[in-house]
1. What number goes with the only condition from (1) outside any loop (DSSP other than H, G, I, E, B); (2) within 15 Å of ligand 2 (Cβ to nearest atom); (3) under 24 Å from Ala113 (Cα atoms) that Ser62 does not pass?
2. Residue by residue through region 32-54, note down the ones that are part of a loop (DSSP other than H, G, I, E, B), away from ligand 1 (no atom under 16 Å from the Cβ) and in contact (Cβ under 8 Å) with a residue 40 or more places away in the chain.
3. Residues to consider are Gly57, Gly43; find the one that is out of contact with any His (no Cβ under 8 Å at 6 or more places or on another chain) and at positive phi.
4. Within the bounds of region 174-188, is there any residue that is within 16 Å of ligand 2 (Cβ to nearest atom), among the polar types (S, T, N, Q) and modelled with pLDDT of 95 or more?
5. Among the candidates Val244, Val269, Val248, Val222, single out the residue that is part of a strand (DSSP E or B) and either away from ligand 2 (no atom under 15 Å from the Cβ) or among the charged types (D, E, K, R) (or both).
6. Being away from ligand 2 (no atom under 16 Å from the Cβ), touching a residue at least 24 places away in the same chain (Cβ under 8 Å) and either in contact with a Leu (Cβ under 9 Å, 6 or more places away or on another chain) or outside any loop (DSSP other than H, G, I, E, B) (or both) is the filter here; which residues of region 225-238 pass it?
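The values are calculated or read from the model by the stated rules, or taken from the named source; none is laboratory data. Since the model is a prediction, treat every value here as computed from it, not as a measurement. Cβ sites come from the backbone with ideal geometry, for glycine too, and all protein chains shown count toward neighbours.
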Amino acid sequence: MTDISRALRERLAAEAVIAGPPVVRDTIAADGTRKWLMDVGTGNAIETVFIPETHRGTLCISSQAGCALECSFCATGRQGFNRNLGVAEIIGQLWWANKCLGAYDGGRGESRAVSNVVMMGMGEPLANFDNVVTAMQLMLDDDAYGLSRRRVTLSTSGMVPAMDRLRDACPVALAVSLHAPNDALRNELVPINRKYPIRELLAACTRYIEKAPRDFVTFEYVLLAGVNDSEAQARELVDTVAAVPCKVNLIPFNPFPGSGYARSAPDAVARFREVLLRAGLVATTRKTRGDDIAAACGQLAGQVADKTRRAQRRATRAVASAVDPALELAP
Ligand code: SAH
Ligand code: SF4
C-alpha cells in the first residue's frame with residue numbers, strides 16, 4: 001500500500017498480520033456446499049460453511065469454539081464450551097471465504113462470492129456479544145464488506161438481555177431458535193429457556209422488531225420425530241407465536257452419532273407445516289444442505305477441548321449406559 005505513510009506502513013509490518021485462522025480441512029459436498037475446518041489454537045477447531053444458491057451465496061459463520069448452552073439436539077452443544085472467538089477470527093471467516101472463492105479482488109463494488117451472512121455456525125453469538133457486534137459492524141461497513149443489515153442474520157437461542165442490547169448496538173435480521181411450543185418442552189430442548197422463558201423471549205422479539213431491518217422475526221424450529229412434530233404441537237405453536245410478526249423456518253433434524261433423536265418423516269413435516277399455513281403463518285422448510293459432509297445445521301463439531309464439567313458428566317453417563325443401554329437414548 002502506497003497511499004499510507006511510510007511510518008504507518010513500517011508500524012503495520014511490525015505489529016499486524018492479515019490472516020484468518022489456518023484452514024486445516026476443506027471439504028466440498030455433492031450439492032456444492034463447502035466447509036472449512038479452521039484451527040483456532042490449543043486443540044480447538046471451528047467450522048465455516050458456504051452455501052451457494054442461484055442468486056446468492058450464504059456464509060454460515062461460527063462465533064465460539066464450542067457452546068456452553070447444551071441444547072440437547074445440537075452437536076456443538078454436546079461438545080462443551082472452550083472459548084469465545086476474537087473479532088479477527090470471526091471476520092477472518094468471511095475474509096477467507098471471499099478470498100478462497102476467488103470473487104474478491106479488493107475493488108469497491110466488485111461482486112463477492114458471499115452475499116449473505118448467517119451467524120448460525122458453532123456457538124451462541126450473543127454470548128460473545130462485543131466481538132460478534134464488532135465483526136458484524138465490519139460486515140456492514142461500506143469501507144469493509146458493505147453488506148446490508150437485511151443480509152446479515154444473527155441466530156440466537158434466546159438470550160433476552162443481549163437481544164435488547166443487539167437492538168441498540170447493531171440491529172441485523174434476527175432468527176430465534178424456538179423449537180418448542182411451550183416452556184415444559186423448551187426447557188428440555190433449549191435449557192436457556194429455564195432462565196428466559198417463552199413469554200419473555202417473545203416480548204424481546206417484539207421489542208427487537210421496532211428497530212430490525214425486517215419487520216418480522218424468523219423462528220427456527222428443528223423437527224424431532226415424536227418429540228415436537230405433532231399436529232397438536234403445531235396448533236399450539238400457532239397460538240404461542242400469535243402476537244409476534246414472524247416467519248417460521250422448519251428445519252429437518254440433522255442427525256449426528258449418539259444424538260438420540262431422529263429426523264421427522266417428510267409427511268410429518270408437511271402436516272406440521274400445513275397447520276401453520278392454514279393459520280395464516282408464513283412457514284418454510286429449510287432445505288438440508290451439505291449433510292454428506294456434516295456441514296448441515298447442528299452438525300458442526302470441530303474438535304473442542306471441553307473445559308466445562310460436561311465431558312466428565314457424559315463419560316459417567318456412557319459408563320451408566322453400558323450397564324443400561326436405554327440410558328444412552330436420553331438426550
Ligand atoms: N446458537 C445459535 C446459533 C447456532 S445454531 C442458536 O442456537 O440459534 C443454528 C441453528 O441450527 C439453530 O436454530 C439450532 O437450533 C439449529 N440446530 C442445532 N442442532 C441442529 C441439528 N442437529 N439439526 C438441525 N438444526 C440444528
Ligand atoms: Fe449452542 Fe445454538 Fe447449539 Fe444451542 S443450538 S448448543 S445455543 S450452538
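1. The single condition Ser62 does not satisfy is (1).
2. Scanning region 32-54 gives Val40, Thr42, Gly43, Asn44.
3. The match here is Gly43.
4. Initial filter on region 174-188 (within 16 Å of ligand 2 (Cβ to nearest atom)): 174-180, 185-188.
In the following step, the residues that additionally are among the polar types (S, T, N, Q) were identified as 177, 187.
Restricting the remaining residues to those that are modelled with pLDDT of 95 or more gives 177, 187.
Yes, that holds for at least one residue.
5. None of the others qualify; the one that does is Val248.
6. Within region 225-238, Asp229, Glu231, Gln233, Ala234, Arg235, Glu236, Leu237, Val238 qualify.
For every residue, the table says whether it meets (1) among the small types (Gly, Ala, Ser); (2) more than 15 Å from ligand 1 (Cβ to nearest atom); (3) not in a helix (DSSP H, G or I).
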residue	(1), (2), (3)
Ala135	yes, no, no
Leu147	no, yes, yes
Asp164	no, yes, no
Tyr196	no, no, yes
Leu201	no, no, no
Ala204	yes, no, no
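Yes/no per residue for (1) modelled with pLDDT under 60; (2) surrounded by fewer than 19 Cβ atoms within 10 Å (Cβ to Cβ):
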| site | (1), (2) |
| --- | --- |
| Phe272 | no, no |
| Arg286 | no, yes |
| Ala311 | yes, yes |
| Arg314 | yes, yes |
